[in-house]
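Let me begin by presenting the structure, written as structure tokens, before commenting on it.
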Amino acid sequence: MPLEEYKRKRDFAKTPEPPAGPGSPRKTGLSYVVQKHHATRLHYDFRLELDGVLLSWAVTKKPSLNPSVKRLAVRTEDHPLSYGSFEGTIPKGQYGGGTVELWDTGTWEPNEDPRAGLKKGHLSFVLHGKRLKDEWDLVRMRTEGKRENWLLIKRRGESAKRNTANGAGPAKSAPKSPASKAQSKSAKTHSAKANSAKSNTATPQAPHANKSLRPLMDRYPGVQLATLVTSPPAGPEWLHEVKMDGYRLLGFLSAGTARLRTRNGKDWTGKFPTLAAGLENLRATDAVIDMEAVVVDDKGQSSFQALQHALGAGGNPDSIIAYAFDLLYLDGNDFTKLPLTERKKSLKDLLRKSKSATALHFSGDIAGQGDEIFRMACAKGWEGIISKRADAPYSVGRQKTWVKSKCGLRQEFIILGYSDARSGGRALGALYLGYRKNGAIQYAGKAGTGFSMEEARALVKRFDSFAASRPLLTAAETHGVPTREWQSIHWLRPELLCEVAFTEWTADGRARHPSFQGLREDKNPGEVNKETPMSAPAANLVLNGVTITHPSRVIFAAANITKGDLAKYYAAAAPFLLPAIAGRPISVLRCPSGVDEECFFQRSPGKGLGKDVHPFKFRHKGKSYEYLYIDDEQGLLQLVQMGVIEIHPWGARVDAIDFPDRLIFDLDPAEDVPFEAVKLAALDMRQRLKQRGLESTLKCTGGKGLHITVPLAGKDKWPEVKAFAASFAAEMVQAAPEAYIATMSKAKRVGKIFIDYFRNDYTATSIADFSVRARPGAPVALPLEWKELKGLTAANQFSMQAVQKRLKRKKPASTAPATFVLPV
């Protein structure tokens, strides 16, 4: 049974994942999906429909469009077809615990018989996804017990050419996903008449998106979100806007037809006919606008409760307006990569010339003066302000380039249940509130104010269809709610959200003095967590005269390491690192948007790398080369400012480029070789070098293996050094052929350690001492004393933070190590 393993690993009473039912295949084509899975480690689940199930692989990093980049893909159990539309949070303690979100969807076409391909270990296929397209290969490497390791490889094609040319990531536009097709299929035409007849507790039917709208809505599936901070950020590079109290919407316009979508993907065009009409009156053919739907009182303040009344039965939907604050797309041009200032200027111009779009208003901003604007907002009774980096692009998801400062505490909660009113004839006494932490529900107190008698009756009526069969929390988990009171709670399925204002969080995690503000239907219950303010993003960081912009940008998401953290590390490590790289040609690995996005190698200076990053041009055997090099800490920090993570120097200096001054061996183990064997190989190599009169040093690479380095006097040329290295490696292989291999063939490496001597060649590089690696956890390539080898457990065991502590206890070497001439 193909799904037995899937069922065996899951408790469907605890996980929201779909059960192992047969599912419905696509009417045309075979479905394909990639799901971003924030489990113990972030990875990407790659799934292909075949024979009624989803064949599945866990890809360790985001699939790359660069054909030279091969991603490890570990084969996992088959999944049901219904899993192809699953998004949600798997509870902690369950198999695969963590958040799952759709990253790419579409169809796939096998280039040959896929069943035969699976058997022989090579699947060749074409993807038609939103992000991934063209031809791909899945190639099986080896089997480790029951684990199958495959490689996911992009073949050369149009998207690969674009990627390698400019470093761009996967394309955003693509055919409509299955989930979006299902939504569009059920949609119907909107009208103001139909909307006014609906209450705010009913979800209106979505209108049918025309053909020109579908790709536009697929291209922009989500919105950028702000991070809560304790106070507004300082500096003129921040723009500050009033925080509106309404519903967040993305407005889509194409060929005269408008659609409005909430932040969690619901089509609410029917709820806001005046806003839809405003979009259709824009002087544009196609547009995507980010906005907030609000009702504004006579004092100019927005009110969420007033918005709820306007949407309810007997309300006035014509009183609803929208403040537009961002422009994502206009007449064939994607604006998301442009700075915010340029996007807002174009949006303001569009609204100014579209005078008939009366329901749409431009959301103004003020540069700098964050503290003063925040004080003014609180004095006027506003909810707070939103602060945005003026030069930042638009990025979907919660980012630190948008931050929010609140005058009082306010957030969404899950309604866990309610109690009856004790007196006064009101329909309910209090709402019991909760939020999620690591997938589990936490109690947050109860709100007994904020709703009128009429609203209370409407809420209880709404609650009837959400009754739970058993309590969601035990009496102990509600932190002191008396047993008799706990027994009287009407428990509800955790599917309804409400917005609540409160004064502070108590020590036991409750909201103090909570007041109900209204239901929230534009957000997902699985997203509701306790909002804890962070420190305001720092202004530009200046280190040794070098300005580091965007220091709060997270570049190692799993470890929460920012660009500023990396810059501070390299500043601290500079006295130890510079002797290994100063005055040498270097290649650098740049990850401008973080290690989870596209990274690329660069060896020539190019533009913008800083005045202390120097070019080095030379000719060798008739070929021209251009590399970059640095001499000091300023050059090093200028590299970090431009997104450099890894540094790979030559084995020679620019003033003696033909004479290497180091001999390097990289001990690179196959996947099935234990690290203890690598340590023994390092000791073996050290002893053999000693027999040749050569002393060596040790370095863990931050990856899988170890580097053994011999300092040279710089009197031997590259051909002699490479010949010696090749001969030495061959002797080790001859002495222990069952343990070592000195050829690059991966097929022959199983169970062996590859003695990589090829780094001893013209233009070859190796990872620098003290360089951070662009790998999970930000490991460091750390030189060690030989006596430390015994306690070493892995080549990537030293994190950036651990190395910083280590450097505080050490001093840079004051004298050069002994150097050697290679024996004849």
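The values are calculated or read from the model by the stated rules, or taken from the named source; none is laboratory data. No experiment lies behind these values; they were computed from the predicted model shown. Every residue, glycine among them, receives a Cβ derived from its backbone with ideal geometry; neighbour counts consider all protein chains shown. Note: areas computed on protein heavy atoms with side chains; ligands, DNA, RNA excluded. Shrake-Rupley method; radii C 1.70, N 1.55, O 1.52, S 1.80 Å.
Taken one residue at a time, the phi angles of the stretch 704-719 give Karplus couplings (6.51, -1.76, 1.60, θ = phi - 60°) of 9, x, 10, 9, 10, 10, 10, x, 10, 7, x, 10, 9, 7, 3, x Hz. Gly and Pro are set to x.
Does the stretch 39-129 come out rounded, prolate or oblate by the C-alpha gyration tensor, with a ≥ b ≥ c the root eigenvalues, rounded set by a/c under 1.5 and, if not, prolate when a/b is larger than b/c and oblate if not? Spell out each step's value before the answer.
Numbers: a/c = 1.79, a/b = 1.44, b/c = 1.25.
Verdict is prolate for the stretch 39-129.
The H on the amide N of Arg26, modeled in the peptide plane, is under 5 Å from the matching H of Ser31, each at least 5 residues off or on a different chain.
Please label the shape of the stretch 717-771 as rounded, prolate or oblate, based on the square roots a ≥ b ≥ c of the eigenvalues of the alpha-carbon gyration tensor (a/c under 1.5 means rounded; beyond that, a/b larger than b/c means prolate, else oblate). Oblate is the answer for the stretch 717-771, as a/c is 1.5 or above yet b/c matches or exceeds a/b.
Can you tell me the FRET efficiency between Arg422 and Asp334 if r is taken as the Cβ-Cβ distance and R0 is 56 Å, rounded to the nearest 0.05?
0.45
Close amide-amide hydrogen proximity is noted between Arg155 and Glu135, Trp136, Asp137, each under 5 Å apart and 5 or more residues distant or on a separate chain (H modeled in the peptide plane; Pro and chain starts excluded). Applying 1/(1 + (r/R0)^6) with R0 = 30 Å to the Cβ-Cβ distance of Lys119 and Leu151 gives a FRET efficiency near 0.95.
By the Cβ rule of 4.7 Å, the chain holds the following cysteines without a possible disulfide partner: Cys498, Cys700. In the chain, helices alone account for a calculated mean residue ellipticity at 222 nm of -6000 deg cm²/dmol, with every DSSP H run of four or more residues adding -39,500 (n - 2.57). Heavy-atom accessible surface of the stretch 310-384, averaged per residue, reaches 49 Å², computed with a 1.4 Å probe.
Coupling constants for the stretch 466-475 follow from the phi torsions by the Karplus curve (6.51 cos²θ - 1.76 cosθ + 1.60, θ = phi - 60°), and in residue order they are 10, 4, 9, 7, 8, x, 7, 9, 7, 4 Hz; glycine and proline get x.
Placing unit charges on each Cβ (+1 for Lys and Arg, -1 for Asp and Glu) gives the stretch 279-354 a dipole about its Cα centre, and among Val294, Pro339, Leu282 the Cα reaching farthest toward its positive end belongs to Pro339.
Distance in nm between label sites at Val750 and Lys9, each 7 Å beyond Cα in the beta-carbon direction? The answer from the label model is 2.3 nm.
With r defined as the distance between the Cβ atoms of His513 and Arg457 and R0 fixed at 35 Å, what FRET efficiency is calculated, to the nearest 0.05? Could you put the intermediate results ahead of the total?
Numbers: r = 24 Å, r/R0 = 0.69.
It comes out at approximately 0.90.
Applying the Karplus relation 6.51 cos²θ - 1.76 cosθ + 1.60 with θ = phi - 60° to the stretch 268-284 yields 3J(HN,Hα) values of 10, 4, x, 6, 10, x, 5, 6, 4, 5, x, 4, 5, 8, 5, 8, 8 Hz, where x marks Gly and Pro.
What full-extension length gain, to one decimal in nm, is calculated for Val396 and Val74 as 0.36 nm per residue of separation minus the Cα-Cα distance? Contour length minus the Cα-Cα distance gives 113.1 nm.
If a/c stays under 1.5 just call it rounded; otherwise compare a/b with b/c (prolate if a/b is bigger, oblate if not). Do that for the stretch 367-457, with a ≥ b ≥ c from the square roots of the Cα gyration tensor eigenvalues. Before the final figure, lay out each step's value.
Working: a/c = 3.58, a/b = 1.82, b/c = 1.97.
Oblate shape, in that a/c is at least 1.5 and b/c is the bigger or equal ratio.
One decimal place: the segment Glu671-Glu495 gains 58.9 nm when fully extended, by the rule 0.36 nm per residue minus the C-alpha distance. Projecting label points 7 angstrom from Cα along Cα→Cβ for Lys690 and Lys621 puts them 3.7 nm apart.
Computed from the alpha carbon atoms alone, the convex hull of the stretch 590-678 holds 174 Å³ per residue.
Shown here for the stretch 56-145: GluC sites (Glu not before Pro) in loop regions (DSSP other than H, G, I, E, B) with at most 13 other Cβ atoms within 10 Å, namely Glu112. Read through the labelled values (i) 30.1; (ii) 28.8; (iii) 45.4 and report the label of the one computed as Kirkwood radius over Cα pairs in Å from the structure. After the calculation, the listed value that fits is (i). What whole number of Å gives the distance from the Cα centroid of the stretch 339-380 to the Cα centroid of the stretch 442-508? When both Cα centres are located, 38 Å separates them.
Label-to-label distance, Val126 versus Lys530, with points set 7 angstrom from Cα along the beta-carbon direction: 5.3 nm. Which residue, Ala379, Ala367, Gln399, has the largest displacement toward the positive end of the dipole of the stretch 347-410 when charges sit on each Cβ (Lys, Arg +1; Asp, Glu -1)? Projecting each Cα onto the dipole axis, the largest value belongs to Gln399. Placing a label point 7 Å from the Cα of Phe362 along the Cα-to-Cβ direction, the residues of the stretch 328-354 whose backbone N falls under 14 Å from that point are 341-354. Relative to the longest principal axis of the Cα atoms of the chain, helix 453-463 runs at roughly 60 degrees.
In plain terms, the chain from Asp318 to Glu112 could stretch by 68.4 nm, reckoned as 0.36 nm per residue minus the Cα-Cα distance.
Using alpha-carbon pairs under 8 Å, 6+ residues apart, how would you state the relative contact order of the chain in percent?
In percent, rounded to a whole number, it is 8.
Identify the GluC sites (Glu not before Pro) of the stretch 722-797 meeting these criteria: DSSP loop state and at most 14 other C-beta atoms within 10 Å of the C-beta. The partial results should precede the final answer.
Working: sites: Glu731, Glu738, Glu785, Glu788; in loops: Glu738, Glu785.
Loop-located and lightly packed - Glu738, Glu785.
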